[in-house]
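The structure appears right after this line, and notes come after that.
What follows draws every value from the coordinates through simple rules; no lab data is involved. In this text, all values refer to a predicted model and were calculated from it rather than measured experimentally. All Cβ positions, even for glycine, are placed from backbone atoms using ideal geometry, and neighbour counts span all protein chains on display.
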Amino acid sequence: MVSLMSTTAQIPQLLNRLRMRQVALILAVGEHGTLRKASAELGMTQPAATKMIQELESALGQRLFERVGRGQKLTAAGTSVLGYFRGMRGSMESMTANWPSCSWAARGGSRSVPSWRHHPPC
């Protein structure tokens with residue numbers, strides 16, 4: 001895996017800047033392969049999605065995508081981040097499956113990725 005942060009002192013700073021919507025966007029890009037499809041799935045414009053990715057890249061201090069023509073390709077850092085975010089999604093899905101009092105589980109939310117993307121954490 002690519003080292004994304006140079007010191008553990010930077011972790012609180014990253015956590016203060018990381019948003020679940022950014023996590024959902026990177027997961028969607030990983031699943032769909034294009035920013036256009038990912039942003040459409042999340043109900044956001046492509047420029048807003050681009051800005052969100054740039055903010056995440058700034059927070060991490062790493063480029064997550066190489067711009068290739070009109071598309072993008074994950075960098076080594078982007079592949080690493082996608083793996084971590086998939087783990088986060090798995091943890092969130094496990095939590096909702098095992099914690100019946102979770103607010104969106106109580107509202108009838110499913111454990112699927114789209115439900116997780118559209119509901120805030122407990």
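So if I restrict to the alpha-carbon atoms in the range 47-92, what is the Rg, and what is Dmax, the biggest pairwise distance, in Å?
11.3, 35
Tabulate in residue order the Karplus-calculated ³J(HN,Hα) for the range 36-46, using 6.51 cos²θ - 1.76 cosθ + 1.60 with θ = phi - 60°, rounded to whole Hz; enter x for Gly and Pro.
Each residue's phi maps through the Karplus curve to give 4, 5, 5, 5, 5, 4, 8, x, 10, 6, 5 Hz.
Determine, from the Cβ-Cβ distance of residue 36 and residue 95 and an R0 of 41 Å, the FRET efficiency 1/(1 + (r/R0)^6), rounded to the nearest 0.05. All intermediate terms of the calculation are to be shown ahead of the outcome.
Values: r = 31 Å, r/R0 = 0.76.
Efficiency, rounded to the nearest 0.05: 0.85.
Sort 80, 58 so the one with the fewest other Cβ atoms within 10 Å of its own Cβ comes first.
58, 80
Amide H of residue 75 versus every other amide H placed in the peptide plane: which residues, excluding those fewer than 5 positions away on the same chain, fall under 5 Å?
65, 66
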